[in-house]
1. If you average the C-alpha positions of segment 279-308 and of segment 312-335 separately, how far apart do those two centres end up, in angstrom?
2. In sequence order, what are the phi-derived ³J(HN,Hα) couplings for segment 239-244 according to the Karplus relation 6.51 cos²θ - 1.76 cosθ + 1.60 with θ = phi - 60°, rounded to whole Hz, with x for glycine and proline?
3. Based on Cβ point charges of +1 for Lys and Arg and -1 for Asp and Glu, what charge dipole magnitude is obtained for the chain about its Cα centre, in debye rounded to the nearest 20?
4. If packing is taken as the average count of other Cβ atoms within 10 Å, what order do 360-370, 280-290 fall into, highest mean first?
5. Given 37 °C and 0.692 mPa s, how large is the Stokes-Einstein diffusion coefficient of segment 178-320 in µm²/s, with Rh as the Kirkwood radius over Cα pairs?
6. In whole angstrom, note down how far apart the Cα centers of segment 344-379 and segment 208-241 are.
7. Give, as ranges by residue number, the residues of segment 347-369 whose backbone N falls under 20 Å from the point 7 Å along Cα→Cβ of Ala61.
8. Let me know the Rg and Dmax you get for segment 19-154 when you use only its Cα atoms, in Å.
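What follows is calculated from the coordinates using simple rules that are stated; it is not laboratory data. Here the structure is a predicted model, which is why all the values come from computation and not from measurement. Don't worry about glycine lacking a Cβ; one is built from the backbone with ideal geometry, like all the others, and counts go over all protein chains shown.
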Amino acid sequence: MKSVQPGLNPALVALMSLATGLAVACNYYVQPLLATVAHTFDLSVNQAGFIVTTAQLGYAAGLLLLVPLGDMLERRGLIVVMTLLAAGGMVITALSPTLPLMLLGTALTGLFSVVAQILVPLAATLAEPAKRGKVVGTVMSGLLLGILLARTVAGGLAQLGGWRTVYWVASVLMALMALALWRYLPRYKQAVSLNYGQLLGSIFTLFISSPLLRTRALTGCLAFANFSILWTSMAFLLAAEPYHYSEGAIGLLGLVGAAGALAARQAGSLADSGKAKITTTVGLLIMLLSWLFTALGGHSLIALIVGIILLDLAVQGVHITNQSVIYREMPEARNRLTAGYMTSYFIGGAAGSLISASAYHFAGWTGVCVAGVILNVLNLLQWWRGAHHEAVNY
């Protein structure tokens, strides 16, 4: 089938943003429920944190093994099938009587919910070049809003019908989204002469040949590790003294993070206008500042809210800028660039979850914040070292 270049209208951008948000949310419903799930299966804090890590490792595996298929297969069919399989993983989670079965469902959901990362480069491909950063920013805002609002939705549904209800409702929504994508997404297949093994190998070749990709991938990796450090232990902080919040109240803080995510949409337009370097630097500095407020959040809700807004604003701004820049470098390999970049991104998320759970277990909220600051400083140092590889107009 020959490649097709259909128009990308606002309604289709909105549908792709919603689909991206729903897909990635599948991996984050559990975060405000960790204390409840830990009670259900009689788990320690470290064991409960491994549920989040399993989701992110599954996602990382999907990024590496499945996303490159977008450069080889017809994308609409691939997107629909993966959306349905992610829904199936959540059904397994909803039915799970034991932790191992829940981890299986979580891993499968994470593996196939990388459909979000096939939608993003498809949107970039269909967009006009002058508006590509803006379109990527809009779709990526859907992704981060999905991550953040998943907590709010999960907390509310869990209070109404228990934590398993969250996964039943989410699986139905994903199945309905698969139908909508089948109906409205254009068929698109890119002409590529590589087989599957060569596609996977080319991801590593891209890393070796592109200093820009390496720098941006490591920047995203450490930024998302910061994000996971904050959100993984948030439920434990808010469920204990002095807060004693319910699942629903914990989930509502996702709305606070959503405000930061929406504020970062402008980052894509700034990247289009040649301000990607300054946007990245400012974002990393704001991220570092956020930990001052977050540390005070152990005893002050207002300080915690300010820290959440600043961190989510910075993470989203840096992430949108990263993707806008790497998509510009090699348009014919956007799915492989996405696979390489986002694999690094979610490996950072998985590492951040493990670090966060361990830090909270051994040193409480202070330990979590110290871990966040250390990773943030490392990120600033590697960014300043690697930024000279980028063109002046980036």
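1. Their Cα centres are 23 Å away from one another.
2. 7, 9, 5, x, 8, 6
3. Working: 20 positive and 11 negative charges, 200 e Å.
I would put it at about 960 debye.
4. 280-290, 360-370
5. 184
6. Answer, in whole Å: 8.
7. Within reach of a label on Ala61, which here means backbone N under 20 Å from a point 7 Å along Cα→Cβ, segment 347-369 contributes 347-355.
8. 15.7, 53
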